[in-house]
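Undergrad: Pasting in a structure now, in structure tokens, and then I'll have a few things to ask.
The values are calculated or read from the model by the stated rules, or taken from the named source; none is laboratory data. Treat the numbers as computed from the prediction; the structure is a model and nothing was measured. All Cβ positions, glycine included, derive from the backbone under ideal geometry; neighbour counts span all protein chains shown.
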């Protein structure tokens, strides 16, 4: 066996190993992404049924033209319960994604809608820290708290892409 042939075989084996590792890490990452979105939605959604959380989100919900109407229809707790229900149903749909791709698509779309609305609070709620000169300094709550929703929105978009890819 010549040196070139041995090098070629070694490179080929390394390439196959790298590809296998790539696929394994991608699968783990896909599952971690899905389960982390489920945990966030389920945990925060369940909290919406408490008076503490209903009061905590009141300012955010009231400040947004997308959600302020909820208080014309529901009480503070009723609006929070509705939001929590949507979040829990969305989490369940994403959790059940491997069982039925149409549910995965619906869950991903609901997560996109949820995180689009919550990300929009960055534009409607008082999130800029005045003591630091305002924009671009975010206050801790709600500014920095809401910033994570941009990443969650991106995760939901990724989940939708995966659901659409595997639903064919």
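Undergrad: Among the residues of region 48-70, write down those that are in a helix (DSSP H, G or I) and touching a residue at least 12 places away in the same chain (Cβ under 8 Å). Explain how you work it out, then say what you get.
TA: Applying the first criterion (in a helix (DSSP H, G or I)) to region 48-70 yields 51-63, 70.
Selection gives 51, 53, 54, 55, 57, 58, 59, 60, 61, 63, 70.
Undergrad: What number of residues within region 104-134 satisfy the criterion of being touching a helix residue (DSSP H, G or I) at 6+ places or on another chain (Cβ under 6 Å) and part of a loop (DSSP other than H, G, I, E, B)?
TA: 2
Each row is one residue, and each column tells you yes or no for (1) at pLDDT 95 or above; (2) on the phi > 0 side of the Ramachandran plot; (3) surrounded by fewer than 16 Cβ atoms within 10 Å (Cβ to Cβ).
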| residue | (1), (2), (3) |
| --- | --- |
| 93 | yes, no, no |
| 100 | no, no, yes |
| 111 | yes, no, no |
| 123 | no, no, yes |
| 136 | no, no, yes |
| 139 | no, no, no |
| 146 | no, no, no |
| 151 | yes, no, yes |
| 160 | yes, no, no |
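Undergrad: Here is a follow-up. Any residue in region 22-33 that is closer than 19 Å to residue 91 by Cβ sitting within a Cβ distance under 9 Å of a residue that is assigned to a helix (DSSP H, G or I) and at pLDDT 90 or above? List the pairs, counting only those 6 or more apart or interchain.
TA: Final answer for the pair search is 30/158; 30/159; 30/162; 33/155; 33/158; 33/159; 33/162.
Undergrad: Additional query: Take residue 104 and decide whether it is touching a residue at least 60 places away in the same chain (Cβ under 8 Å), surrounded by 15 or more Cβ atoms within 10 Å (Cβ to Cβ) and more than 19 Å from residue 146 (Cα to Cα).
TA: Spelling it out, residue 104 is indeed touching a residue at least 60 places away in the same chain (Cβ under 8 Å), surrounded by 15 or more Cβ atoms within 10 Å (Cβ to Cβ) and more than 19 Å from residue 146 (Cα to Cα).
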